1. Here are some residues: 86, 127, 74. Which one is aliphatic (A, V, I, L, M), in contact with an Asp or Glu (Cβ under 7 Å, 6 or more places away or on another chain) and not assigned by TED's automatic domain parsing to the domain that holds residue 363?
2. Answer yes or no as to whether residue 328 is out of contact with any Ser or Thr (no Cβ under 9 Å at 6 or more places or on another chain), exposed (fewer than 12 other Cβ atoms within 10 Å of the Cβ) and within 30 Å of residue 153 (Cβ to Cβ).
3. Condition (residue is within 22 Å of the chain's Cα centre (by Cα), in the same structural domain as residue 270 (by TED's automatic domain parsing) and over 30 Å from residue 176 (Cα atoms)) applied to segment 359-381: is it met by at least one residue?
4. Between residues in segment 161-186 that are within 18 Å of residue 368 (Cα to Cα) and residues that are among the charged types (D, E, K, R) and surrounded by 12 or more Cβ atoms within 10 Å (Cβ to Cβ), which pairs lie under 9 Å by C-beta distance while being six or more apart or on different chains?
5. Under 8 Å between Cβ atoms, at least 6 apart or on separate chains: pull out the pairs that start in segment 7-28 with a residue that is among the small types (Gly, Ala, Ser) and end on any residue that is at pLDDT below 70.
6. From 107, 132, 123, grab the single residue that is within 16 Å of residue 84 (Cβ to Cβ), part of a loop (DSSP other than H, G, I, E, B) and either touching a strand residue (DSSP E or B) at 6+ places or on another chain (Cβ under 6 Å) or not basic (Lys, Arg) (or both).
7. Can you tell me which residues in segment 131-141 are modelled with pLDDT of 85 or more and surrounded by 17 or more Cβ atoms within 10 Å (Cβ to Cβ)?
8. If we scan segment 234-242, do we find a residue that is in contact (Cβ under 8 Å) with a residue 24 or more places away in the chain and either of a type outside the set (A, V, I, L, M) or surrounded by 14 or more Cβ atoms within 10 Å (Cβ to Cβ) (or both)?
Amino acid sequence: MRYKYKSISADGRETDGLYVGDNESGLISMLKEKKELVISIERDVQSEAQIEIFKKKVKKKDLSLFCRQFYTMISAGLGIVPCLEILVAQTENKTFKNAIADTYEDVQKGLTLSESMRKHTNVFPTILISMVEAGEVSGNLDTIMLRMAEHFEKENKIENKVKSSMVYPAVLGIATIAVVIFMLIFVMPTFIGMFEGSGTALPAPTQMLINLSNSLQKYWYIYIAVTAAIVILISTYKKTEEGKRFFDSMKLKLPIVKGTTTMLATSRFTRTLSTLMSSGIPLIQSMEVVSRVVNNAVIEERLLTGIDSIRKGITLSRTVKDVRIFPPMVDSMIRIGEESGSLDDMLYKTADFYDEEVETSMQKLTAMIEPIMIIVMALIIGTIVIAMYLPMLSMSSTVQ
């Protein structure tokens, strides 16, 4: 989202600016850090509409490559400005290229790298901005970039596994729909003339199939319009807070996908928290960042509630246990890490374990979905075939 804002600095200067982020709270936080007083905030809807048409999504692979190249150049002795200049020249993704170019210009004007990146939270994830900020304070930005490169590489690997496991079920589903439409539009009409000429009463399933076939041939455009409308409505609803929460809640309740969703969230939670804490970012701030990267509205709400518990002095292990989402092993490992003083290391080991569990869970999910899809496909096509041949069986028995 893009916001136009007006603010007053500590020395009384009025500033007009543009902020790109998920919500207004990010803009307000940024202005507070700069010790500026907010005068007005207005959503720049027109610019958003223009950008949305041409915007190309920045993938985890792009972010990983960005961080690794940044690390290589900084460790070789290059400054931040030359690094950004080189990255602008060689980045292919236009959305990413424009964000890096804006960051390059802001750094030249005197802003820090993290401050410049915070203007493009739709491109640079919160975790990357927080890590860069920590790297700037500690002076080990090169190490931070290397950690983030590895982090996004693992995220990309997991996302690819999820996508690849869904390819076969999706192909089966599309194939089933295509076969059904083909049979109703091209095969069924050849039987209709024969059925009508027989003069016998047609069974109810056959008559329903004929009616559906005629309807598809005459009003196919209505079916397409209704289908498109349903898809658009669901997509729009999923983007709302209520819709996102509903679908994310279903992911945690449905037996088939519940296990995989939990494993994915656990992997992201432990790996991200480990990366943040090992870089010296305080626990409260780390938890705030982690809550936004688990990619589930229900888990995010529970983690944010857990942050209040940590502020009251409750341990992280107890807080994670009270969230009641993650497997028991997670809070046990965290408790051991707290007692031994090696929390970040324990989280990292737990993340490695659940990365493997995600792969196993995805394989199990695919193994469950494949036979279900095949059975559904067989039942649908079998029902159509039986409905077409029922009148023939009826005619045959009448002749006998």
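The values are calculated or read from the model by the stated rules, or taken from the named source; none is laboratory data. Everything quoted here is computed from the prediction, not taken from an experiment. As a convention, Cβ positions derive from the backbone with ideal geometry for all residues, glycine included, and neighbour counts pool all protein chains shown.
1. Details: 86 fails: in contact with an Asp or Glu (Cβ under 7 Å, 6 or more places away or on another chain); 127 fails: in contact with an Asp or Glu (Cβ under 7 Å, 6 or more places away or on another chain).
The match here is 74.
2. Details: out of contact with any Ser or Thr (no Cβ under 9 Å at 6 or more places or on another chain): yes; exposed (fewer than 12 other Cβ atoms within 10 Å of the Cβ): yes; within 30 Å of residue 153 (Cβ to Cβ): yes.
Yes.
3. Step one: filter segment 359-381 for residues within 22 Å of the chain's Cα centre (by Cα), giving 359-366, 369.
Narrowing further to those that are in the same structural domain as residue 270 (by TED's automatic domain parsing): 359-366, 369.
So of that shortlist, the ones also over 30 Å from residue 176 (Cα atoms) come out as none.
No, there is no match, as no residue in segment 359-381 is within 22 Å of the chain's Cα centre (by Cα), in the same structural domain as residue 270 (by TED's automatic domain parsing) and over 30 Å from residue 176 (Cα atoms).
4. What qualifies is 161/359; 168/370; 169/370; 172/370.
5. 21/1
6. On the way: 107 fails: part of a loop (DSSP other than H, G, I, E, B); 132 fails: part of a loop (DSSP other than H, G, I, E, B).
On inspection, the qualifying residue turns out to be 123.
7. Let us first name the residues in segment 131-141 that are modelled with pLDDT of 85 or more, namely 131-133, 135-136, 140-141.
131, 132, 133, 135, 141 - these are the residues of segment 131-141 that are modelled with pLDDT of 85 or more and surrounded by 17 or more Cβ atoms within 10 Å (Cβ to Cβ).
8. Here is the first cut: in segment 234-242, the ones in contact (Cβ under 8 Å) with a residue 24 or more places away in the chain are 241.
Checking which are either of a type outside the set (A, V, I, L, M) or surrounded by 14 or more Cβ atoms within 10 Å (Cβ to Cβ) (or both) leaves us with 241.
Yes: segment 234-242 contains one or more residues that are in contact (Cβ under 8 Å) with a residue 24 or more places away in the chain and either of a type outside the set (A, V, I, L, M) or surrounded by 14 or more Cβ atoms within 10 Å (Cβ to Cβ) (or both).
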